[in-house]
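The values are calculated or read from the model by the stated rules, or taken from the named source; none is laboratory data. Please read all numbers here as calculations on a predicted model, not as lab measurements. Counting neighbours? That spans all protein chains shown, and the Cβs are built from the backbone with ideal geometry, glycine included. In case anyone asks, the SASA skips ligands and DNA or RNA and just uses the protein heavy atoms, side chains included. Shrake-Rupley method; radii C 1.70, N 1.55, O 1.52, S 1.80 Å.
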Amino acid sequence: MSNETITIRPARPEDAAAAVPLIYSSGPAAWDYVFNEGKISAQDFLIKSFQGTKNTFSYKNHYLAEKKGEVVGSIVIFRSENFFFQNAATAGNIFRIYKLRAPKVAVRGLSMEGMIQPPKSGRLYLGHIAVPEKERRQGIAEKLMKFAVSTYPVYDKISLDVSQENPNAQGLYKKLGFEIVEARNFAGPKGLVPNHYYMEANRSSF
């Protein structure tokens, strides 16, 4: 266990180089399935989106954990009341970045939404929870999640999605009081992206 201080702060546009690989690591198969198209990689798309202001993947929705000035964790926070508008901006980004290839990306994105659905009303939704391998088991992800919940005290229910093939993350979430509400299956080509669990927790468990 490291005693070094972990600080959490809002992400900034200039964090893209450090933050995007972490965000990508939160679900590489899903990111690649939707956003790898032609010469544009998922990480190319994420960098452009992260540096924007209104879309779902914007730095404005992300918080980062830092240790000794180095980014060691990421989390995104979504709320149902502004998600629709951010999602529309993300769709706009897809058409701007991929141009003629955009419809293919958009269709794959929609097929993913059957499994990883928009936030339910009245829930605080957490995602892109990622810590570099060498920094794991130090409580960083837990700190990020507790920070997110304390930052938005009006929500009694907290929700997230997790890969069915990620038992370590599932174990952490269960420890924090999350329970599996629903198993959701990937609608695309079999075996390409892991199926997910949708989980919820009560604020009181934090």
* Provide the percentage of antiparallel DSSP beta bridges, counting only those with both residues in the range 72-163; round to the nearest 5. => 60
* Where the centre of each part is set by its Cα atoms, how far does the range 1-39 sit from the range 82-151, in angstrom? -> 11
* Structure fact -> With Cα springs under 10 Å, the Gaussian network model of the chain assigns the largest mean-square fluctuation among 19, 65, 89 to 89
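Treating the beta-carbon of each Lys and Arg as +1 and of each Asp and Glu as -1, no other charges, what is the dipole magnitude of the chain about its Cα centre, to the nearest 20 debye? Let's see the in-between values first.
Values: 27 positive and 19 negative charges, 63 e Å.
Magnitude of the dipole: close to 300 debye.
For 90, 53, give me the order by solvent-accessible area with a 1.4 Å probe, most accessible first, ignoring ligands, DNA and RNA.
If we order 90, 53 from most to least accessible, we get 53, 90.
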* Structure fact -> With -39,500 (n - 2.57) per DSSP H segment of 4 or more residues and division by the full residue count of the chain, the 222 nm estimate, nearest 500 deg cm²/dmol, is -12000 deg cm²/dmol
* Note down the nm distance, to one decimal, between modelled labels 7 Å out along Cα→Cβ at residue 175 and at residue 68. => 2.3
* Which parts of the range 21-65 would a label at residue 165 reach, counting a residue when its backbone N lies under 15 Å from a point 7 Å out along Cα-to-Cβ? -> 25-34
* Structure fact -> Probe 1.4 Å, heavy atoms of protein chains only: per residue, the accessible area of the chain in Å² is 51
* Asked: Mind ordering 169-179, 78-88 by average Cβ neighbours within 10 Å, highest first?
  -> 169-179, 78-88
* To do: May I ask what percent, to the nearest 5, of DSSP beta bridges between residues of the chain are antiparallel?
  => 90
* To do: Would you mind calculating the gained length between residue 54 and residue 14 on full extension (0.36 nm times residue separation, minus the Cα-Cα distance), in nm to one decimal?
  => 12.8 nm
* Estimated vicinal HN-Hα couplings, Hz - the range 192-206 in sequence order (Karplus 6.51, -1.76, 1.60; Gly, Pro = x) -> 7, 10, x, 5, 10, 10, 9, 10, 9, 9, 8, 3, 4, 6, 8
* Asked: Where in the chain are the helices, taken as whole DSSP H runs, whose Cα atoms extend 24 angstrom or more along the long axis and whose Kyte-Doolittle mean reaches at least -0.5?
  -> 80-98
* Intensity falloff of the range 26-102 expressed as log10 I(q)/I(0), Debye formula with alpha-carbon point scatterers, at q = 0.20, 0.21, 0.22 Å⁻¹ -> -0.95, -1.02, -1.09
* **Residue among 60, 146, 68 with the largest mean-square fluctuation in a Gaussian network model of the chain, springs linking Cα atoms under 10 Å** => 68
* Structure fact -> Mean-square fluctuation maximum in Gaussian network of the chain, Cα pairs under 10 Å, restricted to 133, 182, 70, hits 133
